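The values are calculated or read from the model by the stated rules, or taken from the named source; none is laboratory data. In this text the structure is predicted, and so the values were computed from the model without any measurement. Using ideal geometry, Cβ is built from the backbone for each residue, glycine included, and neighbour counts are taken over all protein chains shown. The accessibility values were calculated without ligands, DNA or RNA, using every heavy atom of the protein model including side chains. Shrake-Rupley method; radii C 1.70, N 1.55, O 1.52, S 1.80 Å.
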Amino acid sequence: PIPQEILKKYNLPSLASSLVYIHAPKNMKQAQASRKRFAFEEIFSIQISRGIARRIFNSKKGFIVKKNELLSKQFLSRFPFTPTEAQLKAFDHISTDFSSGMPMMRLLEGDVGSGKTLVAALAAHATANVREKGMPLQVAYMAPTEILARQHFESFCSYFKGTDINIGLITGKDARKFPSKIDPASHTDISRTQLLKWLSEGAIHILIGTHAVIGEKVKFSKLALAIIDEQHRFGTNQRLKLAQKHTHAPHFLSMTATPIPRSLALTIYGDLDLTLLDELPVGRKKVATEIIVARNRDSMYFRAKKELLAGHQAFVVCPRIEEPDPEKELALSARSTIAEGKRLAEKEFKGFRIAILHSKILPAEKDRIMRDFSLHKYDILVSTSVIEVGVNIPNATVMIIEGAERFGLAQLHQLRGRVARSSDQAYCFLASDSKTAEANKRLKALTEAKNGFELAELDLSIRGAGELSGNRQWGLSDVAMEALKNMRLVEAAREEARTLLDADPTLANHKALAVRSHTSNAIHFE
């Protein structure tokens, strides 16, 4: 599938030679050459398929949202803080895309707590204030969980209070509208039928929800902007479903707080332009992160208790829900949420209010626990990693992660981010019983890395790319993942894919590549 001239340019062996070299190399040079060739082919094919998708998308008309600096300034003045330079720069990129006449396809990659929601709100505000033929342009905001969707809805209600912009919420069981006719400062529950009617008529300007946003019965009047939170949790097909909601292609703003190496981002999100939010809001302190072994557990509990007595709250995360069956030979020996919650209530944190949260609890009960924790009806939340994304409790300043070596670095970073939500000093304790050098090296990287982007690059170099996100998560082979350490190879593959598509946009003269790149579309994001 790789054209002959490209093989020659990069000194890559032919397919026949590579197959021999990779299975029975006579020397290291042959082995390396074959691995490089197959890695290049895989990344090149993905770039071709993403490039074709982008060209198809760009062939559609996009809604024009002209930059209105006065309007944006007025909106920003509603916030009690000054936006960071990185946030203003990100919105500037979006504004440029909005006025191009082509649909935007941008990935906003921001570290935990870097303020992606503000950028999303600015983009939504700019869009919803535009009228086309008397009809307002609309925004869809899709989040991966009901908790996160409701959280974004509450945030947007506070941002847009007093404006003439109507906001809707739709999840598996909720349908709400803001503002309420009875109380303009609050929202109200309405029937799903009524919400969908108002949406189709253009009376709802911003619709926030879960996968329910792309339901068959959901019809927009003029969907001009689709915002997708936690980009990696939605597949390409789900993005396309949003695109098909209107004859014009909506602008796409995809967001993720899971920092990934730049080379990986440029490969799997090859059809998206990349913007990095690499600056934290003013006043945010770095979370003090410490590895805890058996001998300093008492010190950890003492410091956590000190924070609780000062009026703050704490998370305790465990790798499993229940205790392992002791009869099973290979039972995972790790602290469980249920047993740890009980133990902490009886011993280390006796007298403090403790709640337990895990995936087996019914959704309504989960919501109640989270709501009560946010209202400080509990001091400690003992949970599995279900709190990894989108939980915003500014009063929580302590994160204890049990069996920290059992979590991936990106996941640990996300969990730590749950206590980086205010200007108070926060603490993250990585409790680990592991004696292996590799586990200790990874945990040490978490204590030293300045931000999530640096951490992602460290993870790539420490663990080996095959383990970074694995075949199950990204759909890339270990050979290609290993090659992602080589940024020059990724950039070369992107450049060659662009050049080839400029000359042969339909791949009419590259049949084998057409077949190969079609299978590359199967990359998934779970």
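Could you check the stretch 85-131 and list, in sequence order, the residues that are among the polar types (S, T, N, Q), surrounded by fewer than 18 Cβ atoms within 10 Å (Cβ to Cβ) and in a helix (DSSP H, G or I)?
Restricting attention to the stretch 85-131, the residues satisfying the condition of being among the polar types (S, T, N, Q) are 87, 95-96, 99-100, 114, 117, 127, 129.
Remaining after also requiring surrounded by fewer than 18 Cβ atoms within 10 Å (Cβ to Cβ): 96, 99-100.
Within the stretch 85-131, just 96 meets the criteria.
Starting from residues that are under 23 Å from the mean Cα position of the chain (by Cα) and part of a strand (DSSP E or B), keep the ones in the stretch 168-177 and report whichever is surrounded by the most Cβ atoms within 10 Å (Cβ to Cβ). Lay out the reasoning, then the answer.
Of all residues in the stretch 168-177, those under 23 Å from the mean Cα position of the chain (by Cα) come to 168-172.
From what is left, the residues that are part of a strand (DSSP E or B) are 168-170.
On the way: 168: 26, 169: 29, 170: 25.
Among those that are under 23 Å from the mean Cα position of the chain (by Cα) and part of a strand (DSSP E or B), it is 169.
Scan the stretch 150-157 and tell me whether some residue there is of a type in the set (Phe, Trp, Tyr) and outside any loop (DSSP other than H, G, I, E, B). Walk me through it before giving the result.
Looking only at the stretch 150-157, we keep the residues that are of a type in the set (Phe, Trp, Tyr), and these are 153, 156.
Add one more test, that the residue is outside any loop (DSSP other than H, G, I, E, B), and what stays is 153, 156.
Yes, the stretch 150-157 contains at least one residue that is of a type in the set (Phe, Trp, Tyr) and outside any loop (DSSP other than H, G, I, E, B).
Okay, residues lined up against (1) closer than 29 Å to residue 257 by Cβ; (2) at pLDDT 90 or above:
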site	(1), (2)
491	yes, yes
500	no, yes
509	no, yes
518	no, no
526	yes, no
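Quick one: count up the residues across the stretch 343-364 that are in a helix (DSSP H, G or I) and either over 23 Å from residue 411 (Cβ atoms) or among the β-branched types (Val, Ile, Thr) (or both). Spell out the reasoning first.
If we filter the stretch 343-364 for residues that are in a helix (DSSP H, G or I), which is where we start, we get 343-346, 363-364.
Filter once more, keeping what is either over 23 Å from residue 411 (Cβ atoms) or among the β-branched types (Val, Ile, Thr) (or both): 343, 345-346, 364.
Of the residues in the stretch 343-364, 4 are in a helix (DSSP H, G or I) and either over 23 Å from residue 411 (Cβ atoms) or among the β-branched types (Val, Ile, Thr) (or both).
Considered as a group, the residues in the stretch 324-344 that are crowded, with 16+ Cβ neighbours inside 10 Å and among the charged types (D, E, K, R) include one that is modelled with the highest pLDDT, and that residue is 340.
Condition check for residue 187 on (1) at pLDDT below 90; (2) open to solvent by 40 Å² or more (accessible area, probe 1.4 Å); (3) in contact with a helix residue (DSSP H, G or I) (Cβ under 8 Å, 6 or more places away or on another chain): one failure, at (1).
Whenever a residue of the stretch 13-41 is open to solvent by 50 Å² or more (accessible area, probe 1.4 Å), its partners that are β-branched (Val, Ile, Thr), lying with C-beta atoms within less than 7 angstrom and at least six residues away or across chains, give the pairs 35/22; 35/479. Within the stretch 404-417, the set of residues being more than 18 Å from residue 115 (Cα to Cα) and open to solvent by less than 30 Å² (accessible area, probe 1.4 Å) comprises 404, 407, 408, 409, 412.
Considering only the stretch 68-80, I want to know if a residue exists there that is of a type in the set (D, E, K, R), under 27 Å from residue 119 (Cα atoms) and either without any contact (Cβ under 8 Å) to a residue 40 or more places away in the chain or open to solvent by less than 90 Å² (accessible area, probe 1.4 Å) (or both). If you could, list the steps in order and put the result at the bottom.
Going through the stretch 68-80, the residues of a type in the set (D, E, K, R) turn out to be 69, 73, 78.
Within this subset, residues satisfying the condition of being under 27 Å from residue 119 (Cα atoms) are 69, 73, 78.
Filter once more, so that each one left must be either without any contact (Cβ under 8 Å) to a residue 40 or more places away in the chain or open to solvent by less than 90 Å² (accessible area, probe 1.4 Å) (or both): 69, 73.
Yes, the conditions are met somewhere in the stretch 68-80.
Taken together, 449, 420 contain a single residue that is surrounded by fewer than 21 Cβ atoms within 10 Å (Cβ to Cβ) and modelled with pLDDT under 90, which is 449.
Under the condition of being within 17 Å of residue 457 (Cβ to Cβ), open to solvent by less than 50 Å² (accessible area, probe 1.4 Å) and either modelled with pLDDT of 90 or more or not aliphatic (A, V, I, L, M) (or both), the residues counted in the stretch 476-489 number 1. Between 147, 204, 182, the distinction of being among the aliphatic types (A, V, I, L, M) and surrounded by fewer than 19 Cβ atoms within 10 Å (Cβ to Cβ) belongs to 182 only. What's the number of the condition residue 27 fails, among (1) within 24 Å of residue 122 (Cα to Cα); (2) out of contact with any Leu (no Cβ under 7 Å at 6 or more places or on another chain)? The number of the failed condition is (1).
Please verify whether residue 171 is of a type in the set (Ser, Thr, Tyr), touching a Lys or Arg at 6+ places or on another chain (Cβ under 8 Å) and closer than 30 Å to residue 277 by Cα, treating the condition exactly as stated. So residue 171 fits the description; yes. In summary, residue 340 fulfils each of the numbered conditions (1) part of a strand (DSSP E or B); (2) farther than 30 Å from residue 255 by Cβ with the single exception of condition (1).
Within the stretch 393-404, residues that are closer than 13 Å to residue 291 by Cβ sit with their Cβ atoms under 7 Å from residues that are open to solvent by 10 Å² or more (accessible area, probe 1.4 Å) and of a type in the set (A, V, I, L, M), at 6+ positions apart or across chains, in these pairs: 403/334.
Counting only residues that are of a type outside the set (Val, Ile, Thr) and assigned to a helix (DSSP H, G or I), how many does the stretch 1-32 have?
Taking the stretch 1-32 first, the residues of a type outside the set (Val, Ile, Thr) are 1, 3-5, 7-19, 21, 23-32.
Filter again for assigned to a helix (DSSP H, G or I), leaving 4-5, 7-9, 15-19, 21, 23, 28-32.
The qualifying residues number 17.
Only residues that are under 12 Å from residue 311 (Cα atoms) and assigned to a strand (DSSP E or B) were counted in the stretch 365-401, giving 4. All told, residue 36 meets the bar of being under 29 Å from residue 504 (Cβ atoms), basic (Lys, Arg) and in a helix (DSSP H, G or I).
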